[in-house]
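The next block holds one structure in the form of structure tokens; read it before the comments.
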Amino acid sequence: MARIERARAAALSRGRQVVCEVVGEPGIGKTRFVREAMERCPPAVAWAVGTCAPDERGVPFHVFRHALTERRPLRPGLPVGGCAGETWLESTATVPPGPSSDARRFRTFQLARRLIGLAARDGLALVLDDLHWADASSAGLIAHLLRYPVPAPLLLVLVYRPRQMATPMPFGPPDPPEQTDAEPTAHDRIELSPLSLAEVAPLHPHIDQAELRVRYEVTGGNPGYLAALPGGPASGRADPSREAQGAWLADTVVAVLRREWANLPSVELACLRAAAIVDPPFAADLLAAVAQVPTSHAVEAGWRLARLDLIRRVPGTGRFAFRHPVLRMAVAQDTDPAWRAEASARALTALVELGAPPTDQARYAERLLALPNGRWVERCVDVLCQAAQEIRRETPDLAIRWLRLALRVLRPTAGSTRRRDVALALAQITGEAGNLAESRALLQEIVPLLPADPAERRGQAVALWARVERLLGNYPEAAAISRRELAALPAGATPGVGYRLAAEIGVAGILAGRPVAGLPTRPPKTLTARPPTGPACWPYAAWPPRTTAHSTMPGACSTPVPGSSTRCRTGTCATTPTASPRSA
């Protein structure tokens, strides 16, 4: 603001035109910055503000009309709607409707320059805001004024978004900055940058510091978007990080941002709405599938949207992303909910066809399952289960969340094998993650519903149940569960499940301090085949154990457990390929 004040003082003292550009990202606070600077001017200095609008780009000189015909005096003693505004309207009416010659255009610009000088003869600060939406005549007149300055004390303030202009510096470079602090130049440029966290805190004293930090990371310090986020004063919500889960912006925020896409052609608008559905960064082929337009049209629309700075190209790739998460939220909120639902389904289908990783597909499945329509349940459950199995080792919490969602949407109907499969997978992963109580509850629910099948899924589930009980310290229950299932194994069962159940009985007894004496000294009839390799008797190892070979010796087994510093301390090992389980 001090630089604008010095520029105004220089224009008054020198009696000539001074230009000051104020540029920055959308929402950075350019309009408010200039407005507060103008309000600090002495009352004797007149100032006028003209604002461009997207729907007035076809009106010649519309920003000057808006500024110089505003219904208030430009300076003391000038009546409202006085000679300056009336003469301006008369002069611009002489602009020919079609393409004019350079000489005719030059005479028109010179006449407009004399009118502006007449209005500024006693001093005038003329603010032209949102020039990225200016018409060609207004942009040409500004360029003319920079080449032929007004011979009057005029402060010309130009406010615009550089990324939405044809060139980053459409009105030429500013004067060298070495004299900026001491002596104001005739052409200055002020670029507003995002605020720091320390600068944001006084603007939002009612927000908790931890929450404010999250909001700051989402917005990048942009004050306009920071105030617009859900949870701010405008929306009354409390969670600023829910933009991906469908948090809503205030209607006033959407109405302000809607001006940027309200007049887009149908193809560009469809691609923009599709971009709000897909996750960034996105490619043109995915936009084409979601927007239901040819790929070539989607490519062209993507570059036109990037030219308007609605989306931006991700450096080093051919993909795009919204310029800001808040803009994406506003576009999604301005889109019909039914169209959003169908677009999410098309996005999931396209990702499946393109062979995208299951983890990328799972996010769209989550959104579809949150909608009140059951058409996509089976497909979404398949995607979630596959993605959960893929990431169960790296991010078990996310895998558990996806499986819980899949289990919740599957109805508990009689004979529902799909629901039992999902519950069993969830029980395995929750057990691996250390949530043994939830794993046991799921196994208690599904094991009674599992029939004896050739794949012995029931036996495997019972062995898992017994292991969970053992890890919880319920050794008698673990042994009892294993004995019941071992006795019920069919005659043609494979030996793997039987050996696992027998091992659980022995391990539970040893850990309980009462070694089991009732185990057979040789395998029973159903366990005559070669037992599987892999230690089933590691009570202190990471669960589930990794497959390896052990040797059986009287007393404690001293074989190291893979991936752990512990050794097998059960006193017996039931997994050696050369010996049967020993009785304690």
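The values are calculated or read from the model by the stated rules, or taken from the named source; none is laboratory data. Given the structure is predicted, the values throughout are model-derived calculations rather than measurements. Methodologically, a virtual Cβ is constructed for each residue, glycine included, from the backbone with ideal geometry; neighbour enumeration extends over all protein chains shown. Heavy atoms of the whole protein, side chains included, go into the accessibility calculation; ligands, DNA and RNA do not. Shrake-Rupley method; radii C 1.70, N 1.55, O 1.52, S 1.80 Å.
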>> Rolling a 1.4 Å sphere over the protein heavy atoms, what is the accessible area per residue of segment 358-453, to the nearest Å²?
In response: 49 Å²
> Out of residues 5 or more away from Val22 or on other chains, whose amide H comes under 5 Å of its own, with H placed 1.01 Å from N in the peptide plane?
Replying inline: Leu158, Val159, Tyr160, Ile190
> What residues qualify as long-range amide H neighbours of Trp47, i.e. H under 5 Å apart, gap of 5 or more or another chain, H built at 1.01 Å from N?
Replying inline: Ala125
> What's the center-to-center distance, using Cα atoms, between segment 1-74 and segment 368-386 in Å?
Replying inline: 54 Å
> With charges only on Cβ, +1 for K and R and -1 for D and E, what is the dipole size of segment 1-57 about its Cα centre, in debye, rounded to 20?
Replying inline: 320 debye
>> Tell me the accessible surface of Asp279 in square angstrom (1.4 angstrom probe, heavy atoms of protein chains only), to the nearest ten.
In response: 20 Å²
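Semi-axes of the equivalent ellipsoid for segment 274-389, please: Cα gyration tensor eigenvalues, times 5, square-rooted, ordered largest first, whole Å. Let's see the in-between values first.
Numbers: eigenvalues 118, 50, 33 Å².
Here the semi-axes work out to 24, 16, 13 Å.
Report, to the nearest whole %, how much of the accessible area of segment 274-410 belongs to carbon and sulfur atoms, 1.4 Å probe, protein only. Numbers along the way, then the final one.
Values: 3360 of 6070 Å².
Percent of accessible area from carbon and sulfur atoms in segment 274-410: 55.
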>> Can you compute the radius of gyration and Dmax for segment 253-308, using only the Cα atoms, both in Å?
In response: 10.9, 33
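Can you work out the accessible area per residue across segment 248-308, with the rest of the protein chains kept in place, probe 1.4 Å, in square angstrom?
Per residue, segment 248-308 has 44 Å² of solvent-accessible surface.
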> What number comes out for the charge environment of Trp339, summing +1 per Lys or Arg and -1 per Asp or Glu over other residues with Cβ under 15 Å away?
Replying inline: +1
> Taking amide hydrogens as modeled 1.01 Å from N in the peptide plane, which residues meet the under 5 Å criterion relative to Arg16, leaving out close sequence neighbours?
Replying inline: Leu154
> How many angstrom separate the Cα center of segment 242-306 from the Cα center of segment 416-466?
Replying inline: 44 Å
>> Can you give me the solvent accessible area of Tyr225 with a 1.4 Å probe, rounded to the nearest 10 Å²?
In response: 10 Å²
>> Need one value: the accessible area of Phe33 in square angstrom, 1.4 angstrom probe, rounded to the nearest 10.
In response: 40 Å²
>> How long are the semi-axes of the equivalent ellipsoid of segment 305-456, taking √(5λ) for every eigenvalue λ of the Cα gyration tensor, in whole Å from largest down?
In response: 36, 17, 14
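Arrange the residues Trp376, Trp339 by how much accessible surface each exposes, largest first, with a 1.4 angstrom probe. Display every interim value, and only then the final one.
On the way: Trp376 20, Trp339 70 Å².
Ranked from most to least accessible, the order is Trp339, Trp376.
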